[in-house]
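What follows is a short report on a single structure.
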Amino acid sequence: MKKITILAILFYTLGCGQIPTKTNYGVNEPQSTIGPDIITVKHTYYTNYFDTLYNSEIMGKYVQTISNSLITVDTSRNINRKLVAEFKEDPLIPARFETATNEFYSKYNKLHKTDGKMVDKGHENPYSAFDFNEVAASESMYIQNTCPQFSFFNRHQWEAVEQHVIKQVSLVYDENSKHYKPNQDSITVYTGVLISKNKITDGENHYLYIPDYYWKVISYKKGGVLTYEAWLGPNTVNNDTNPDDIKTDVSKLHSFILSYYPNLKLEF
């Protein structure tokens with residue numbers, strides 16, 4: 001009876017829909033998974049909701065403004081990514097939860113050069129939305145602001161979703177002036193991943209959980225009416241580049257997210 005009670009408490013306190021089959025967290029294993037597993041990490045321009053069970057950010061939130069977007073699309077004013085190119089540890093997340101490393105990704109990708117399964121450090125709060133000043137750009141390059149994302153998906157279909165927020169919603173391109181002009185201001189952007197039990201290894205008994213899906217929700221007022229757009233993309237090896245293929249209904253996405261993380265508080 002005592003054993004059953006402990007297991008019941010563990011299941012209740014987890015924010016995720018499924019309990020991992022093996023609690024191998026890599027090089028920094030948490031001492032306990034009992035208790036609240038999601039910590040909120042507030043940076044200058046975004047908030048990271050970090051799951052200490054999976055050692056992964058499961059949701060990020062930020063506000064896309066017109067002023068920031070106008071700098072982002074202006075190559076004479078935005079921050080050159082080469083200046084902040086190296087991913088680094090997030091100083092606000094306890095070291096025992098920081099299992100993702102540049103070395104891990106390098107070793108994993110060397111094992112998968114020829115099978116199409118190479119992964120990127122896939123941003124949840126994307127660099128392309130944060131290159132309007134040095135602080136924002138640098139904070140977006142915390143490795144805990146990423147998850148393993150299959151490279152083709154990250155660089156094509158998902159990149160198109162991220163650019164849609166900036167170049168079709170926040171701004172619109174004016175064919176007459178050949179410049180972007182303001183469209184919708186104060187767009188709230190939520191991006192997250194859905195993780196169950198799938199892992200990748202570097203070949204040296206270190207593991208990272210790899211998301212089943214990436215998702216994004218944006219909300220803004222259009223004509224005085226609160227408007228939502230939502231996307232749900234399978235994190236798989238595929239050749240689909242069309243962001244419309246993964247567009248979905250926000251209410252359906254809401255339910256699907258809660259099927260993974262029933263205790264996660266969503267604002268949409």
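The values are calculated or read from the model by the stated rules, or taken from the named source; none is laboratory data. Quantities reported herein were computed from a predicted structural model and do not represent experimental measurements. Here the Cβ is made from the backbone with ideal geometry for all residues, glycine too, and neighbour counts use every protein chain on show.
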_Quick test of your reading of the structure: Val172 fulfils all but one of (1) of a type in the set (Val, Ile, Thr); (2) surrounded by fewer than 16 Cβ atoms within 10 Å (Cβ to Cβ); (3) closer than 12 Å to Asn235 by Cα. Name the failing condition by number._
(3)
*Which residues, taken from the stretch 235-250, are assigned to a helix (DSSP H, G or I) and either touching a residue at least 24 places away in the same chain (Cβ under 8 Å) or over 18 Å from Lys167 (Cβ atoms) (or both)?*
Pro243, Asp245, Ile246, Val250
*Take the residues in the stretch 202-230 that are among the acidic types (Asp, Glu) and buried (at least 17 other Cβ atoms within 10 Å of the Cβ), then tell me which one is farthest from Lys247 (Cα to Cα).*
Asp202
*Give the residue, chosen from Val161, Val135, that is surrounded by 16 or more Cβ atoms within 10 Å (Cβ to Cβ) and touching a residue at least 60 places away in the same chain (Cβ under 8 Å).*
Val161
*When only residues in the stretch 81-103 that are at pLDDT 95 or above and of a type in the set (S, T, N, Q) count, which is surrounded by the fewest Cβ atoms within 10 Å (Cβ to Cβ)?*
Asn102
*Can you find even one residue in the stretch 110-119 that is among the hydrophobic types (A, V, I, L, M, F, W, C), in contact (Cβ under 8 Å) with a residue 12 or more places away in the chain, in contact with a Ser or Thr (Cβ under 8 Å, 6 or more places away or on another chain) and closer than 19 Å to Tyr228 by Cα?*
no
*Here is a list of conditions, (1) in contact (Cβ under 8 Å) with a residue 60 or more places away in the chain; (2) under 28 Å from Lys117 (Cα atoms), and Tyr213 meets all of them except one; can you say which number that is?*
(1)
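What residue, of Leu258, Leu253, Leu226, Leu232, is of a type in the set (A, V, I, L, M, F, W, C), over 18 Å from the mean Cα position of the chain (by Cα), outside any loop (DSSP other than H, G, I, E, B) and closer than 20 Å to Lys61 by Cα? Quick ask: steps written out before the conclusion?
Values: Leu258 fails: over 18 Å from the mean Cα position of the chain (by Cα); Leu253 fails: over 18 Å from the mean Cα position of the chain (by Cα); Leu232 fails: over 18 Å from the mean Cα position of the chain (by Cα).
None of the other options fit; the residue is Leu226.
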*Considering only the stretch 110-132, how many residues are surrounded by fewer than 20 Cβ atoms within 10 Å (Cβ to Cβ) and over 18 Å from Ile187 (Cβ atoms)?*
11
*So which of Thr75, Thr44 ends up being of a type outside the set (Gly, Ala, Ser), part of a loop (DSSP other than H, G, I, E, B) and in contact with a helix residue (DSSP H, G or I) (Cβ under 6 Å, 6 or more places away or on another chain)?*
Thr44
*Out of Lys117, Lys110, report the one residue that is over 19 Å from Thr72 (Cα atoms), assigned to a helix (DSSP H, G or I), more than 15 Å from the chain's Cα centre (by Cα) and not acidic (Asp, Glu).*
Lys110
*asked:* Give all pairs with beta carbons closer than 6 Å in which a residue from the stretch 142-155 that is touching a residue at least 40 places away in the same chain (Cβ under 8 Å) meets a residue that is among the basic types (Lys, Arg) and in a strand (DSSP E or B); count only pairs at least 6 apart in sequence or on separate chains.
replied: Thr146/Lys121
*Please give the number of the condition Leu53 fails out of (1) in a loop (DSSP other than H, G, I, E, B); (2) surrounded by 13 or more Cβ atoms within 10 Å (Cβ to Cβ); (3) under 18 Å from the mean Cα position of the chain (by Cα); (4) at pLDDT 95 or above.*
(4)
